[in-house]
1. Bin by bin, in steps of 10 Å, what percent of the Cα pairs in segment B:144-258 do you find, going until the bin that has the longest distance?
2. From zero up to wherever the largest Cα-Cα distance of segment B:207-326 sits, split into 5 Å bins and tell me the percent of pairs in each.
3. Can you tell me the relative contact order of chain B? Whole percent, Cα pairs under 8 Å, sequence separation 6 or more.
4. So if each residue of separation counts as 0.36 nm, and I subtract the Cα-Cα distance between B:Lys423 and B:Glu335, what length gain in nm does that give?
5. Please report the relative contact order for chain A, taking Cα pairs under 8 Å with a sequence separation of at least 6, and give it as a percent rounded to a whole number.
6. Please name the residues of segment B:71-94 whose accessible area, counted over protein heavy atoms with a 1.4 angstrom probe, falls by no less than 10 Å² between the chain alone and the full protein assembly.
7. Please list the non-local residues whose amide H lies under 5 Å from the amide H of A:Asp39, H modeled 1.01 Å from N, same-chain partners needing a gap of 5 or more.
8. Please report, to two decimal places, log10 I(q)/I(0) for segment A:86-126 at q = 0.19, 0.22, 0.31 Å⁻¹ as given by the Debye formula with identical point scatterers on the Cα atoms and no solvent.
Amino acid sequence: MQKYRILPHTADAKFQAFGAALEEAFANAALATASLMWDWGEAKNRQSFPVSVQGIDLEQLLYRFLEEIPFLLNTKKFLLGSIKDLRIEKSDGIYRLEAVFWGDEFQDHYEVFGDVKAITYSEMKIEQCNDRWTIQVVVDM
Amino acid sequence: MELKRINDNTWEIPKHGEMKVPALIYASRKLLDAIRGDLTLEQAKNVACLPGIQRMSYVMPDAHQGYGFPIGGVAAFDLEEGIISPGGVGYDINCGVRLLRTDYMEKDVTARRKELLAEIFKEVPAGVGKGGVTKLSQSVLKEILVKGAGWAVENGYGTSNDLQMTEEQGRMKDADGTYVSHRALERGIPQLGTLGAGNHFLEIQKVDRIYDDDVAKVFGIDAEGQILVMIHCGSRGLGHQVASDYIQSMENAFGIKGLPDRELIHAPIKSSQGQQYYRSMSAAVNYAFANRQMIAHWVRDVFKKVLGSSQGMRQVYDVCHNVAKIEKHTVEGREKDLCIHRKGATRSFGPGRIEIPEAYRAVGQPVIIPGSMGTASYILLGTPEAEALSFSSTAHGAGRLMSRHEAIRRFRGEQIRDDLAKKGIELQSTSWKGIAEEAPAAYKDVDEVVRVSHEVGIGRLVARVVPVGVMKG
C-alpha cells in the first residue's frame with residue numbers, strides 16, 4: 001500500500017496518508033510531514049525520542065503528534081527517519097498516543113529543503129473506509 | 001459566491017446569513033480571479049460572522065486562502081464584546097520586514113556584491129537545520145520576550161535610533177512571557193538571530209524607480225540606484241508554538257461546536273484565555289523584533305568589513321504583517337479602542353498618528369511590501385484615507401499562486417540561480433530545492449498588488465526596488 005501522497009495546495013502543503021490500521025496511518029502521516037522537509041529515507045536510525053501526546057479527539061491527537069516533528073527539529077535538530085511502537089488508546093474520553101521516533105541529528109550532508117512551521121486543522125480528515133484509514137492534513141510552510 | 005461590484009478595485013460580499021457585517025475585497029479583476037480560485041472569500045465571510053466585529057471584514061489585494069482567516073485579512077473587534085483569534089494573526093507571529101537605507105550606490109557594490117552576499121551568508125544563520133549563534137538561557141529569553149528589540153540594542157546590536165524606526169518601538173508593552181509555554185521557549189532558545197527558511201529572505205536591493213521624490217527623501221531614499229537592505233523574517237518556532245498552543249487551549253476551553261472551520265477558534269478578548277493569548281502573542285512579536293534587530297546589526301558589520309563603512313545605514317522602518325493590536329479607530333463617528341487583526345496585511349497609518357516615528361509624522365508611515373524572491377519589492381506610504389477604508393491596512397507581499405510541490409516539479413533551483421545571474425542578481429541559499437519552491441513564477445504579480453493599493457488609496461507608491469543579491473534560508 002502507498003504510504004502517502006502529496007496533493008496540490010496553493011500556499012502550503014497538503015497530503016493524504018494511508019494505513020490498514022489507524023496507527024499505521026498516523027505513522028505514515030508523520031513520514032509525509034517529514035518528507036516535506038527532508039528525505040526521511042536518508043535519515044539513519046542513530047537517535048531515538050519517545051513521543052507521548054494526548055487529545056480531546058483524534059484530530060487534536062494527530063495535530064499534537066505531528067507537531068512533535070518540527071518541535072524536535074527546532075529543539076534537537078532531529079531528522080525523523082522511522083516510527084516504532086506506535087500505540088493509540090482511548091480512556092475517559094481522552095485519546096493517548098505513544099511512539100518512538102528514530103532518526104538522526106542534522107549534519108551538513110543532509111539537505112533540509114522545507115520548513116513546516118505548524119500543523120493545521122484545515123481540511124483535516126481522519127476516515128475509515130473498507131478496512132483502510134485515510135488521513136488528510138494541510139501544514140503551514 | 002455572489003459579489004457586488006463597488007468600483008473597479010472594490011467588491012462586496014453583502015451581509016447575509018450569519019454575517020454580522022459585510023466583507024469588502026480590494027482587488028482588480030485580475031487579482032479577484034486568483035482570489036476566487038481558493039477559499040479566500042469563504043474565509044472572509046466566516047470572519048464577518050465573529051462576535052464583536054466592526055464595520056467590515058476586509059480583504060487586501062494580495063489575499064489568498066489561509067487558516068481560519070484568509071491571508072490578507074483585516075478585522076477589528078470591539079474590546080467589550082469582541083474576540084481575539086490566533087487564526088487571525090497566523091502561525092508566524094510578527095512575520096515582518098525591516099528596511100535599511102545606505103549611502104552606497106549601485107556602482108559601489110556591483111563588483112563586490114558576491115563577496116558581500118557570501119559574508120552575509122556566513123554571519124546570518126539561515127536554513128532549517130541551523131541554530132542561532134547565541135546560546136541563550138531561559139531567563140535571558142524571557143527578558144527578550146518583554147524587551148523586544150530593546151534587549152538587542154542594550155546588548156550591542158544596533159542603536160536606539162533603530163528602535164525609533166520600528167513599529168511599537170520594537171516592543172509590545174503588554175507582552176508577558178509567563179503565559180508562553182515551556183515548549184515554545186524551548187523552540188525559541190536555539191533560533192534567536194536566525195533568518196529561517198520558506199519565503200523568508202534577506203536582500204541587497206537597489207532603488208529602481210521613485211514615484212514620490214519628497215516622501216522618498218523623508219524616508220532616506222534619495223536616488224535611483226541607491227542601495228538598500230531588506231530583511232523578511234519572523235518569530236520562528238517560538239511564535240509558531242504560541243499560535244498552536246493557544247489554538248488548542250481555546251479548543252479545550254470553549255469547544256469546537258458551531259465553528260465553520262476549526263482554525264477559526266477564538267476567545268473573548270476580555271476572557272483569561274483571550275488575555276493570555278494576547279500577552280503571549282505580544283511576547284512572540286517582541287522575539288521577532290529582537291531577531292530582525294540582530295540580523296540588521298550583522299548586515300551592517302558585513303558592509304563595514306567589505307566596503308569600509310556602514311555609516312548612513314539608517315533604518316527606514318520595520319513593519320509587522322502578522323499581528324493583533326489595540327488601536328484607536330473611528331466607527332460610526334465615534335473613536336474607540338479596537339483589537340485589529342492583521343494577517344498578511346501591513347499597517348498603513350497616515351500623517352499625524354502618534355504611533356509613527358516623529359520623523360514621519362508629517363507624511364505618514366513607510367509601508368514595506370516584499371516581493372517574491374528575486375522580483376521587485378515596494379515602499380508605500382500610509383494614507384489618511386486608509387483609516388476609513390481598511391482600518392489603516394494594506395497588502396503585505398505578492399501572495400502565492402502555485403503550490404510548493406508544483407514549483408519543485410516545474411523548476412530547478414540551479415536554473416533559477418542562472419536566470420537571476422543573467423539579470424545581475426546573485427543568489428545564495430542553503431537548499432536548491434528550497435529555491436525551486438520559491439520560484440518567482442510561483443507568486444502573484446506584486447506590481448499589480450501595489451497598483452491596486454495605490455489606486456484604492458490604502459497605501460500610496462513611493463519607490464520600487466529590485467534585488468542585486470538574494471539570500472534564502
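1. Per 10 Å bin, starting at 0, the Cα pair percentages come out as 11, 29, 31, 18, 9, 2.
2. It works out to 2, 9, 15, 14, 13, 11, 9, 8, 8, 6, 3, 1, 0, in whole percents.
3. RCO, chain B: 22 percent.
4. Difference between extended and current length: 26.7 nm.
5. Rounded, it is 30 percent for chain A.
6. Residues of segment B:71-94 that lose at least 10 Å² of accessible area once the other chains are added: B:Tyr91, B:Asp92.
7. Residues meeting the amide H criterion: A:Glu111.
8. -0.95, -1.01, -1.05
The values are calculated or read from the model by the stated rules, or taken from the named source; none is laboratory data. Since the structure is predicted, the reported quantities are computational estimates derived from the model, not experimental observations. Because the Cβ atoms are built from the backbone with ideal geometry, glycine has one as well, and the counts that use them run over all protein chains shown. Keep in mind that these areas ignore ligands, DNA and RNA; they rest on the heavy atoms of the full protein, side chains included. Shrake-Rupley method; radii C 1.70, N 1.55, O 1.52, S 1.80 Å.
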